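The values are calculated or read from the model by the stated rules, or taken from the named source; none is laboratory data. All values reported here derive from a predicted model rather than from experimental measurement. With ideal geometry, Cβ positions are generated from the backbone for all residues, glycine too; neighbour counts draw on all protein chains shown. Ligands, DNA and RNA are excluded from the accessible area calculation, which covers all protein heavy atoms including side chains. Shrake-Rupley method; radii C 1.70, N 1.55, O 1.52, S 1.80 Å.
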Amino acid sequence: MSVASLKQILDPAFEERYGVAAINVVDDLSLRAVLAAATALESPLIVQTSLKTVKSIGAPVLAALFRARAEEVPIPVAMHLDHCPEREWITTCLRNGWNSVLFDGSHLDVEENRRQTAEVVEEADGFDVQVEGEIETVRGVEDGVGSDDGGDIHPIEISDGFIADTGVYAFAPAIGTAHGLYAAAPHLMPERVTELVGRRPIPMVLHGGTGLAQAQFEDLIARGCAKVNISTALKIAYLDATREYVAANPGKSDPPSLFKHVGAAVQQMAEDHIRMFGSAGKAAPVQTR
C-alpha cells in the first residue's frame, strides 16, 4: 500500500471523525518504529519531518529512506514537512517527493502570510501535493522553529478568509496548545475548531499534542482535527529508553541491542497515541503514489 497523498489519508479521517497521528521522526530507527506501530494497528500514518531533520540528513537521502521503508508496509503513509518558514526548503522538499508541506508564515503579518502561502499552494499543486497553513504562532520552540511568546489570536473571520484566499487543504488554528511539555494544564479553546469547520469544512490540524489527555484529544478530533501532531513524545521515548538501556548495561558496547530497546519504546509510544486518536483499523486501501 505504501506511499499515499495527505488528501487520501485525511479525507476519510475528517469525514468519519478520527485522528491520524502525524509523528515527527528523527532518523531511520524512529521511522521504522512508528511504521511498525501503525502496521501493527492497521492504521494510516503521517510521517513528519522537521526542517532541522531535513537539513541534518539531507532531503534526497531522507526522501529515499522514507519511500524505501514505506514500501515495506501494507498501510497508507504520507510524508509531511512540518513548520517550514524557509521557502527554498519548501521547494527542495516538493522536488524530492514530500506528500505535503506546512509553510509556516506565522511570523509574518497576515497579508504577507496569505500572499506567500497562496504561492506555495500554487507551487505544490504542480506536484499534486497538499499544503497546510497557519496564521497564529503555536507557543513553544520545536526543532529551532517557533517562539516561547504567544502570538496574536485572530478572529475566526481572518482564518476563514485566509483559507478561502490561499486554497490550503488543511489548517492549524490556535486553540491554546503549545509545543513541548506543558508547565501547567493548558486552557484550550476547542470551540474555535467547531466554528471554523462550520465555515470551512476542511481538515483541521492539532499542534502541540504531547501531554493532552485522551478526552481532550477525542473532543478536538470529533470537532474536526483530523491530523494530530506528535513530536515531543517521540523525543522523550527515544532518549529515556536510551538512558535506561545505558544505565542498565554499564560498559556494554552493543549498539544493535540499544537500537532494539529504543525502537520498542518509540513503537509503544506511537501505538498508544494511534489508539487514542481512533485510527486503528482504518488503513483502508488507497491508490498509492
The stretch 107-119: number of residues that are more than 13 Å from residue 158 (Cα to Cα) and open to solvent by less than 40 Å² (accessible area, probe 1.4 Å): 3
Tally, over the stretch 193-215, of residues that are in a helix (DSSP H, G or I) and either open to solvent by 60 Å² or more (accessible area, probe 1.4 Å) or charged (D, E, K, R) (or both): 6
Residue match in the stretch 83-92 (condition: closer than 25 Å to residue 224 by Cβ, at pLDDT 95 or above, of a type in the set (D, E, K, R) and surrounded by fewer than 17 Cβ atoms within 10 Å (Cβ to Cβ)): no
Enumeration of residues in the stretch 240-285 that are in contact with a Ser or Thr (Cβ under 9 Å, 6 or more places away or on another chain) and loosely packed, with under 15 Cβ neighbours inside 10 Å: 249, 281
Residue in the stretch 216-236 that is in a helix (DSSP H, G or I), over 17 Å from the mean Cα position of the chain (by Cα) and at pLDDT below 95 present: yes
Where a residue in the stretch 66-94 is at positive phi and its partner, wherever it lies, is surrounded by fewer than 24 Cβ atoms within 10 Å (Cβ to Cβ) and at pLDDT 95 or above, with Cβ under 8 Å and at least six apart: 83/50; 83/51
Every pair of residues 6+ apart whose Cβ atoms lie under 8 Å, when the first sits in the stretch 1-28 and is more than 19 Å from residue 71 (Cβ to Cβ) and open to solvent by 10 Å² or more (accessible area, probe 1.4 Å) while the second is in a helix (DSSP H, G or I) and of a type in the set (S, T, N, Q): 26/53
Some residue of the stretch 17-28 being in contact with a strand residue (DSSP E or B) (Cβ under 9 Å, 6 or more places away or on another chain) and in a helix (DSSP H, G or I): no
Scan of the stretch 217-239 for residues that are open to solvent by 10 Å² or more (accessible area, probe 1.4 Å), over 14 Å from residue 261 (Cα atoms) and of a type in the set (Gly, Ala, Ser), ordered by number: 222, 233
Residue that is farthest from residue 279 (Cα to Cα) [pool: residues in the stretch 37-54 that are touching a residue at least 40 places away in the same chain (Cβ under 8 Å), assigned to a helix (DSSP H, G or I) and not hydroxyl-bearing (Ser, Thr, Tyr)]: 52
Which numbered condition residue 141 fails, given (1) modelled with pLDDT of 95 or more; (2) open to solvent by 40 Å² or more (accessible area, probe 1.4 Å): (1)
Among (1) at pLDDT 95 or above; (2) charged (D, E, K, R); (3) touching a strand residue (DSSP E or B) at 6+ places or on another chain (Cβ under 8 Å); (4) open to solvent by 60 Å² or more (accessible area, probe 1.4 Å) - the single one residue 122 does not satisfy: (3)
